[in-house]
Amino acid sequence: MRIVIAEDQVLLREGLKMLFVDGGHEVVAPLGDADGLLDAVSAYRPDLVVADIRMPPTHTDEGARAAQEIKNAHPELGVLLLSQHIETQYVVDLVSRGGFGYLLKDRVLDVAEFLAAAERVAGGGSALDPQVVAGLVARHDPLGTLTERERGVLGLMAEGLTNSAIAKRLYLSERTVEAHVRHLFTKLSLPESEDGHRRVLAVLAHLGAATPGRGQ
């Protein structure tokens, strides 16, 4: 992959660069803020942009707003946001477009899983941190009917995992996972699909229907 990184913390920016280079990828532009992101994307045509949500000058949502601009201009480009905090304002809108991920920064410590998530996003898939998904789930009454196991399956679906991968992660049979997925869609009044990524988008679109500030 060709990657652009936007992260104002020098040590983390250089650490991310080393992780990607060691993983066989090319970092074409390491940036310290979000101001030059669109220009860098236009100049280098990367496969993936990795950006911190909070960057100078206000350290609020510069990265998230830049991600929206990038997806508007280059919908095919993968964007992976990183943050130390759970912030859901932009998540549903961005993930509904595909090729989007949002991970808490401590996920970088699991190098193999982080690189797999980055590659999945670059390929048009999703990668959402389980804590972010939990934050979304907790805000919506329709999900109050889900069992603890169904919530766990939903979280892994939102990470972009297939039924087979979920079964391995939870040490369940694939048939059991399929049953949980069917129950999820029944309770959420969502149509079933054979495509794991489309299922994730459908669930998050349902969550986003009542999300304050969507698209702002």
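Taking all protein chains into account, the per residue accessible area for the range 1-62 stands at 47 Å² (1.4 Å probe).
What is the percent carbon and sulfur in the accessible area of the range 53-118, measuring with a 1.4 Å probe over the protein chains and ignoring ligands? Kindly include the intermediate steps, with their values, before the conclusion.
Values: 1380 of 2580 Å².
Accessible surface attributable to carbon and sulfur in the range 53-118 totals 54 percent.
Here's the list of lysines a cross-link from K105 could span, going by alpha-carbon distance under 27 Å and ignoring same-chain residues fewer than 8 apart: K17, K71, K168. Could you tell me which residue out of L48, H59, G32 lies farthest along the dipole of the range 1-82 toward its positive end? Charges go on the beta carbon: Lys and Arg +1, Asp and Glu -1, centred on the Cα centre. Farthest towards the positive pole: L48.
The values are calculated or read from the model by the stated rules, or taken from the named source; none is laboratory data. Keep in mind the model is a prediction, meaning the values are calculated, not measured. Cβ atoms come from the backbone with ideal geometry, glycine included; neighbour counts cover every protein chain shown. To get the accessible areas, we keep the full protein, side chains included, count just its heavy atoms, and leave off ligands, DNA and RNA. Shrake-Rupley method; radii C 1.70, N 1.55, O 1.52, S 1.80 Å.
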